[in-house]
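These notes are about the structure you will find just below.
The values are calculated or read from the model by the stated rules, or taken from the named source; none is laboratory data. Keep in mind that what you see is a predicted model, and the values were worked out from it rather than measured. When we count neighbours, we look across all protein chains shown, and the Cβ atoms used for this are built from the backbone with ideal geometry, even at glycine.
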């Protein structure tokens, strides 16, 4: 997908076949590959949603607590705000990268980390609170599917936070190289993708569960 | 391409829609079926906004292959969730004993 400059080639000397390999655009190739990985990650969530969908019937809760009993919409909304702000912070870090501002990028990464960690703290507190009320994965099929789906998303956030720390270290040590910039782009896609998945989780698991 | 304005627009749109959805649900503003529909629409618009503003899924030459990949995957997502849901709802219909309070 690289273009050659060719203005009015002279028919006598024009090169018809490119005999040399000029190399491909490493970053855009890797970005497409990573995006396709993210789509497979979306398949992972699709299967979890499918499992939750078939385990959220009346009888799936075995007469026990249903999401209508334990979902706290405004509490989970605070998680939403934390995650969306984290995603915004990371985006701002990337625009700083475009301006070749290393300080701006680090600030964005740090902001994304802190806000993502806030999301995780809120989430873990929620799960522990559920457990203290006797609502665990062992309570019923429905609660199991609910907890696993939400916590798999939280696990993605956790590993994303580790990755952010690694990138902060790499940018401080190596600066902006092809490798580090490519990884920052992949992490951006990963992080933004988590926000998209969270919309699905929030609406179709938390809020729908609260309604039913 | 990444731009501060684009990321901020995506943030604003999705946050506002999630706020509306949460407010409607927690205040029980409408009968359940209507509410489910409204918050699904909120989710749909929010997801489209995020996919466009955050993931840069558009038909520019730079991003076209990402867009093609996503569009090719969407039927897979629909089938995975939809077919599974349909299979199990049919299964439950035919095999679950009638239970009090079952809809």
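Looking across A:205, A:171, A:196, A:181, one residue alone is more than 14 Å from chain B (Cβ to nearest Cβ), assigned to a helix (DSSP H, G or I) and either under 29 Å from residue A:49 (Cβ atoms) or touching a helix residue (DSSP H, G or I) at 6+ places or on another chain (Cβ under 8 Å) (or both). It is A:171.
Annotation note: Cβ proximity below 7 Å between a residue of the stretch A:35-62 that is facing another protein chain (nearest Cβ under 7 Å) and a residue that is at pLDDT below 95 and in a loop (DSSP other than H, G, I, E, B) (sequence gap 6+ or interchain) occurs for A:58/B:101; A:58/B:102; A:58/B:103; A:59/B:96; A:59/B:99; A:59/B:102. Does residue A:160 count as at pLDDT 95 or above, touching a helix residue (DSSP H, G or I) at 6+ places or on another chain (Cβ under 9 Å) and within 12 Å of chain B (Cβ to nearest Cβ)? So residue A:160 fails the test.
Taken together, the residues in the stretch B:9-18 that are surrounded by fewer than 23 Cβ atoms within 10 Å (Cβ to Cβ) and more than 7 Å from chain A (Cβ to nearest Cβ) amount to 5. Scanning the stretch B:63-86 for residues that are more than 8 Å from chain A (Cβ to nearest Cβ) and either within 30 Å of residue B:3 (Cβ to Cβ) or surrounded by 11 or more Cβ atoms within 10 Å (Cβ to Cβ) (or both) returns B:63, B:64, B:67, B:68, B:71, B:72, B:74, B:78, B:79, B:82, B:83, B:86. Could you tell me whether any residue of the stretch A:68-75 is at the interface with another protein chain (Cβ under 7 Å from one of its Cβ atoms) and loosely packed, with under 14 Cβ neighbours inside 10 Å? Looking for residues that are at the interface with another protein chain (Cβ under 7 Å from one of its Cβ atoms) and loosely packed, with under 14 Cβ neighbours inside 10 Å, one finds at least one in the stretch A:68-75, hence yes. Quick one: is residue A:129 within 16 Å of the chain's Cα centre (by Cα) and more than 22 Å from residue B:9 (Cβ to Cβ)? Answer is no for this residue. Meeting the requirement of 3 or more residues that are within 24 Å of residue A:172 (Cα to Cα) and touching a helix residue (DSSP H, G or I) at 6+ places or on another chain (Cβ under 6 Å), the helices (runs of 4 or more DSSP H) wholly within the stretch A:1-109 are A:26-54, A:73-98.
When you look at residue A:109, is it in contact (Cβ under 8 Å) with a residue 60 or more places away in the chain and over 16 Å from residue A:198 (Cβ atoms), yes or no? Spelling it out, residue A:109 is indeed in contact (Cβ under 8 Å) with a residue 60 or more places away in the chain and over 16 Å from residue A:198 (Cβ atoms). Among the residues of the stretch A:131-140, those identified as buried (at least 19 other Cβ atoms within 10 Å of the Cβ) and either touching a helix residue (DSSP H, G or I) at 6+ places or on another chain (Cβ under 6 Å) or farther than 11 Å from residue A:66 by Cα (or both) are A:135, A:140.
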